[in-house]
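I have placed the structure first, in the form of C-alpha cells, so that the comments after it can refer back to it.
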Amino acid sequence: MKPAAFLLVVLLTALSVACGAPDPGQRGDDDDSASAGDDDTAGDDDTADDDDATTGGKPGDDDTSHGDDDDTGNGDDDDTNHGDDDTVHGDDDSAVDPGHAFVDVTYCLDWGSVTFQSPPGLVGILAGFGVSLTDYPLLMSPTAVSIAVNEILMVMAAATVATCHQDTSLSTYDLTSNQAGTYIAPHFSVGPSDIALNTPLGGLAIYDTVFQGDFTGNASQVVHGTISGRMDLTSYSGLCGALTGWTCSACPSGTGLCTDLLAEGAIWNDNGLGPLMLIP
C-alpha cells in the first residue's frame, strides 16, 4: 500500500506532544356553497385562503403569487428562485446528476466546514499546540467512473501548507487500489480500506477508512462529506481516557488501541487545477 502524508502528519505531531395557523372559525362552511371561503367560484372564493383562486393573487392560495406551492416566486417548492429546492443561490442541488463531469477534477477539503464527532475536542487539542487544520487541506480526485456498474476510482494527495496546490514531494494515495468505490449519482462512497501513513514522527494506521459525499450538479463541489475510520493510538495511549474523553478499544487488526474517527459536513471545492499528478 502506498504511503501518503497529509493532514495526519499534523495530527500525529499534536498527538506526540500531548500524552401561527388561521382561525378555523373564519373559514367557509362547506365545499359546495356560494359562501365566502368555499371551493366554488362565487363570493370571496377567488381571494385569500381558497384552493381554487386564479385571481387576486393573495398569499395562501394555490395560485400564482408568492408563498404558494405552484408559482414561480420566492418561497415556493418548485421554482427557480432564492430559498427554494432549485439549483441556484445556495440551495441544495446535490441531487442533480453531474454525469461524468467530476472525473479528473481535484477537490480541496475545506476544514472549516467539518464537524468532528469523534474524537471529541480534536480541533481544540490541535489549536492548543498552535496547529490549524485549515493550513493542511486534503486533495482528492476521481480518476474514473462507471455509471453502468456504479463504480468510481479515486486518488488522494497532500496540499502544500495553506494552499490547495498539490505537494509533489509527497506520494499520492490510491483509495481504490484494493476495491472500487460505489457511485450512485450523485453520491459516492470509497472504502473501507486500511491506510498506512508514513510521517516524520513514525507510522500511523487508519483502519476501515471511508470517504463519502455528494457531487453537486455542476461538479464544482463535493457536499455532505464524511470521513470515518479507526485511528491507531497505540503509541499515544495517554490520550485515551477521561482527560481527553477519547474512548479507545482494540484495533480491527486485533492488536493495539484505536479510537473512532468521524468527521461530518465536509465540503470539498474544485481547486481549478485539473487532475492530481500520480506520484509513487
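Let's see how each residue does on (1) surrounded by fewer than 19 Cβ atoms within 10 Å (Cβ to Cβ); (2) over 17 Å from residue 117 (Cα atoms):
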| position | (1), (2) |
| --- | --- |
| 213 | no, no |
| 226 | yes, no |
| 236 | no, yes |
| 239 | no, no |
| 246 | no, no |
| 252 | yes, yes |
| 255 | yes, yes |
| 265 | yes, no |
| 271 | no, yes |
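Selection of first residues in region 92-115 that are small (Gly, Ala, Ser) and of second residues that are at pLDDT below 95, restricted to Cβ pairs under 7 Å at least 6 apart or on distinct chains, gives the following pairs, ordered by first then second residue: 112/134.
Residues that are of a type in the set (A, V, I, L, M, F, W, C) and exposed (fewer than 14 other Cβ atoms within 10 Å of the Cβ) within region 114-147 comprise 127, 129, 144, 147, listed in sequence order.
For region 172-280, which strands (runs of 3 or more DSSP E) that fit wholly inside it have 1 or more residues that are over 26 Å from the mean Cα position of the chain (by Cα) and at pLDDT 95 or above?
Working: elements: 181-184, 187-199, 202-215, 221-232, 257-270.
Strands (runs of 3 or more DSSP E) meeting the threshold: none at all.
Hey, can you tell me all the residues within region 148-171 that are in a loop (DSSP other than H, G, I, E, B) and either surrounded by 22 or more Cβ atoms within 10 Å (Cβ to Cβ) or at pLDDT 95 or above (or both)?
Going through region 148-171, the residues in a loop (DSSP other than H, G, I, E, B) turn out to be 148-150, 160-165, 167-171.
Answer for region 148-171, where residues must be in a loop (DSSP other than H, G, I, E, B) and either surrounded by 22 or more Cβ atoms within 10 Å (Cβ to Cβ) or at pLDDT 95 or above (or both): 148, 149, 150, 164, 165.
The values are calculated or read from the model by the stated rules, or taken from the named source; none is laboratory data. In this text, all values refer to a predicted model and were calculated from it rather than measured experimentally. Cβ sites come from the backbone with ideal geometry, for glycine too, and all protein chains shown count toward neighbours.
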